[in-house]
Amino acid sequence: MSERFNLLTPGHSGCAGCCDALAAKYVLMGVGEDVIVVNPTGCLEVMTSPFPNTAWNVPWIHSLFENGGAVASGIEAALKSLGRKGNTKIVGIGGDGSTMDIGIGSLSGAFERGHDILYVCIDNEAYMNTGNQRSSGTPLGASTSTSPPGSVSYGNPTHKKDMTRIMAAHGSPYVATTSIGYANDMIRKVKKAAETVGPTYIHSHAPCPTGWGFDSSKTIEIAKLAVETCLWPLYEMEDGEVTQVRKVKDPKPVEEYLKAQKRFRHLFKMEDGDKEIEKIQKQADRNIEYYGLNK
Amino acid sequence: MSTNTVNPKDKSKMVVVEGSYATAHAVKTARPNVISAYPITPQTHIVEELSKMVANGEIPGCEYINVEAEFSAISALVGASAVGARTYSATTSQGLFLMHEALFNAAGMRFPIVMTVVNRAVSAPINIWNDQQDSISQRDAGWIQIYAEDTQEAADMVLQAYKIAEDKDVMLPVMVCMDGFILSHVYEPVILMDQKEADEFLPPYKPENILDPKNPKSFGALGDPSCYTEFRYSIEQAMDVALQKIEDVAEEFKQITGRYHGGLIDGYHLEDADVVLVSFGSLLGTMKDVVDDYRMRGEKVGILKIRSFRPFPVEAIRKALSSAKIICVIEKNISLGRKEGALFTELKSALYNTENTAPAIGYIVGLGGRDVLPRHIEEIIERTKTVLETGSIDSESSFNEVKEEFL
Ligand SMILES: Cc1ncc(C[n+]2csc(CCOP(=O)(O)OP(=O)(O)O)c2C)c(N)n1
Ligand SMILES: [Mg+2]
């Protein structure tokens with residue numbers, strides 16, 4: 001295990017309690033050494049690759065912010081042509097911004113074409129590298145640097161985009177949601193995704209202490225709360241069908257999760273903030289119902 | 001006087017094919033590993049021809065990727081090139097513009113991608129016809145840019161482009177630019193690239209650095225202020241190396257195929273010319289016809305053909321123009337806000353700080369596919385002669401034709 005940890009060495013410049021570093025480590029633990037990593041622009045890329053240093057002990061390429069899917073496609077096609085594909089897995093690791101917003105076209109193309117790649121979205125629910133701006137991964141009510149609460153705003157006005165389902169709709173043989181709060185579950189799913197031939201997708205929830213406003217020692221705790229409140233359901237889909245769901249016996253009220261983070265603090269102070277919290281609770285309830293989380 | 005020579009004994013090998021086909025065929029003989037494709041007029045015929053060749057197994061092992069956008073067409077080649085593949089794509093105009101960000105990235109990472117740019121005007125207004133604004137606007141991307149005069153040259157340049165790009169001291173992507181419709185859609189007699197000659201000319205691509213799980217390397221690192229300048233500087237050095245390499249490769253190509261289209265530049269009745277016209281691309285064909293007429297009348301008019309726009313062959317141009325009495329640049333692009341074409345600006349800057357004090361004027365012609373006829377070239381030559389005779393330039397740069405009714 002310790003040897004595998006070293007595929008991403010410590011000594012990078014991530015913040016204390018950084019979710020991206022943790023997630024990337026779990027990905028490499030699940031995938032192993034026979035890998036080529038494609039890493040679009042974002043916190044992970046910046047903090048691990050200041051020339052002439054690198055934290056990566058696997059082949060790694062960063063090209064641009066919005067082309068991870070295409071770069072991975074090209075690598076896979078080239079390895080096939082060169083007769084070097086073997087069992088090498090091409091793994092994209094991108095943030096929510098690069099995956100769900102600016103790079104979704106490129107990723108959609110790669111999945112539709114059926115390349116043998118695994119793509120992992122490390123979803124810290126905002127553009128963290130540029131200072132916590134709102135993305136389509138930002139949840140309802142969250143305050144970010146471009147979705148602040150104000151006299152006529154409760155923060156981010158929309159729910160998260162359901163990216164995992166979008167990827168499943170491409171005909172992917174395997175998609176799964178994971179959380180950095182559940183390391184073994186995440187590593188197992190990554191391994192399964194890597195071993196599945198074809199375009200597979202992992203969407204990992206990844207709480208960011210700096211952006212979300214909680215103590216850096218609490219990354220795992222917050223990640224677990226998202227799952228325990230059913231705001232982040234953990235499930236697997238094979239060929240478009242939900243095949244596995246992680247049950248949550250006694251779902252906690254969403255307040256427990258929201259209270260623990262500065263980005264939702266305004267909801268507890270503003271007039272009618274409770275109505276916004278109700279909407280968020282409704283989202284959790286829908287998840288409970290839809291995925292049968294408490295059954 | 002040289003230019004576009006085909007060995008006479010090879011004339012029997014000529015076949016009449018579309019320009020796009022000749023290029024696609026040349027690509028095939030380069031044995032690419034990965035081709036990415038996206039449709040856009042007037043480029044589409046090239047990738048359609050290539051798809052047929054791949055479908056028929058004529059390019060063994062080649063992966064043909066039907067991407068969802070040009071941005072991914074170039075990005076896929078970045079990935080493919082990073083693992084050591086020989087790569088090709090073709091595009092034009094809006095497609096090339098969509099690639100813009102990734103063009104710089106490909107050059108910065110030193111990937112020897114070869115791409116044909118079928119030159120077309122840019123929107124707005126939308127216009128599918130030929131001018132050269134698209135590739136000219138990518139001037140500073142770090143790509144080598146070669147402009148072809150005819151379909152034979154466009155096809156032959158594909159092979160030469162790989163050899164230049166993949167040189168270990170160059171390692172830069174190359175655009176082979178050919179005029180839309182005028183070259184891409186025209187049926188002309190050409191000699192199709194012979195596979196044996198192609199193999200003799202172009203060795204397999206064996207890069208020093210690749211992404212390989214057995215020997216992990218990081219590509220595309222963050223370059224902070226302490227090292228960024230040096231990365232850019234080394235691209236400039238590679239451009240310098242390319243200046244010689246472009247000449248050498250043209251010679252090597254001639255040795256093997258008997259065909260030669262010029263090196264960095266080429267001349268037509270240039271040596272003793274008083275009036276020198278400068279241009280690139282298919283305009284040169286029309287210009288040569290007109291110059292022939294002038295020569296028949298004993299007038300010393302000649303042509304400087306620019307093949308390489310990047311790297312810009314400053315020394316070669318200075319030498320070629322050293323005895324010109326007047327210079328006139330004719331081109332199909334405009335740098336808006338400067339009221340002249342990019343070649344004219346570059347040419348004047350190349351002559352600055354030299355002994356050469358010949359006056360220079362520029363003409364913007366053929367934008368958005370407007371025909372440039374021999375009489376237009378004649379008019380331009382006549383106006384150029386007037387400047388030489390009177391010694392006064394009333395307009396340094398002009399449009400050769402502007403219709404009042406549309407203003
Ligand atoms: C085309 C383009 N637009 C914007 C940027 C600026 N940019 C760099 S990283 C980044 C945010 C990355 O967000 P995300 O993908 O969520 O990753 P994170 O940093 O949050 O892990 C942005 C906006 C860029 N590099 N390229
Ligand atoms: Mg993010």
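The values are calculated or read from the model by the stated rules, or taken from the named source; none is laboratory data. Just so it is clear, the structure is predicted and the values come from calculations on it, not from any experiment. Note that each Cβ is placed from the backbone with ideal geometry, even for glycine, and that neighbours are counted across all protein chains shown. To get the accessible areas, we keep the full protein, side chains included, count just its heavy atoms, and leave off ligands, DNA and RNA. Shrake-Rupley method; radii C 1.70, N 1.55, O 1.52, S 1.80 Å.
So which aspartates and glutamates can A:K275 reach, going by Cα to Cα under 17 Å and dropping same-chain residues fewer than 8 places off? Within the straight-line cut-off, A:K275 pairs with A:E255, A:E256, A:D285. In this calculation the C-beta distance from B:K11 to B:R297 is compared with R0 = 35 Å, giving a FRET efficiency of 0.70. For helix A:68-82, report the angle its Cα long axis makes with the longest principal axis of the Cα atoms of chain A; keep it between 0 and 90° and round to the nearest 10°. Between helix and principal axis, roughly 20 degrees. Binning the C-alpha pair distances of segment A:2-291 at 10 Å intervals from 0 yields a P(r) profile of 7, 30, 37, 20, 6, 1, 0 %, listed from the shortest bin outward.
When restricted to Cα atoms, segment B:83-199 yields an Rg and a Dmax of 14.3, 45 Å, respectively.
Which whole-number percentage describes the relative contact order of chain B, with Cα contacts under 8 Å and a sequence gap of 6 or more? The value is 17 percent. Of interest is the spacing of the C-alpha centroids, which for segment A:167-198 and segment B:109-154 amounts to 42 Å. For the segment B:61-73, counting C-beta atoms of other chains within 10 Å of every residue's C-beta and taking the mean gives 6. The B and A chains share an interface that buries close to 2800 Å² of accessible area, total over both sides, probe 1.4 Å. What aspartates and glutamates could a cross-link reach from A:K80, if we take a straight Cα to Cα line under 19 Å and drop same-chain neighbours fewer than 8 places away? Excluding near neighbours in sequence, the set is A:E33, A:D34, A:E112, A:D116, A:E195, B:E58, B:E63, B:D212.
Between 0 and 90 degrees, the angle of helix B:283-296 with respect to the longest Cα principal axis of chain B falls at about 30 degrees.
Can you list the lysines whose alpha carbon sits under 19 Å from that of A:K189, skipping same-chain ones fewer than 8 residues off? Result set, ordered by chain and number: A:K25, A:K89, A:K224, A:K247.
Per residue, the average separation of C-alpha pairs within less than 8 Å and at least 6 apart gives chain A a relative contact order of 16 percent.
Ranked by the mean number of other Cβ atoms within 10 Å of their residues, highest first, the peptides A:93-105, B:343-355, A:190-202 come out as A:93-105, A:190-202, B:343-355.
With each label modelled as a point 7 angstrom along the Cα→C-beta vector, the A:S145-A:N87 pair spans 4.4 nm.
Each peptide in B:158-171, A:270-283 gets a packing score, the mean of other Cβ atoms within 10 Å over its residues, and the list from highest to lowest is B:158-171, A:270-283. Take the Cβ atoms of A:E195 and A:V242, set R0 to 35 Å, and the FRET efficiency comes out at 0.95.
Let me check I have the definition right: for chain B, take the eigenvalues of the Cα gyration tensor, multiply each by 5, take square roots. What are those semi-axes in whole Å, largest first?
On the way: eigenvalues 238, 111, 88 Å².
So the three semi-axes of chain B are 34, 24, 21 Å.
Take every residue in peptide A:35-42, count the Cβ atoms of other chains within 10 Å of its Cβ, and give the average of those counts. Can you show the working numbers first?
Values: counts 2, 9, 3, 6, 3, 1, 2, 0.
Taking all residues of A:35-42 together, the mean is 3.
For peptide A:43-49, what's the mean number of Cβ atoms from other chains within 10 Å of each residue's Cβ? Write down the numbers at each step before the final one.
Details: counts 0, 0, 3, 2, 1, 3, 6.
For peptide A:43-49, the averaged partner shielding equals 2.
Take the Cα of B:A358, step 7 Å toward its Cβ, do the same at B:E230, and the gap between the two points is 4.3 nm.
Against chain A, whose longest principal axis is taken from its Cα atoms, helix A:219-228 shows a tilt of about 70°. Divide the volume of the convex hull around the Cα atoms of the protein assembly as shown by the residue count and you get 176 Å³ per residue.
Each peptide in B:51-58, B:307-314, B:26-33 receives the mean, over its residues, of other Cβ atoms within 10 Å, and ordering these scores from highest gives B:26-33, B:307-314, B:51-58. The lysine pair tally for segment B:253-407, using Cα distances under 16 Å and a gap of 8 or more places or different chains, is 11. Summarised in one figure, the compactness ratio Rg/Rh of segment A:27-99, Cα atoms and Kirkwood Rh, is 0.96.
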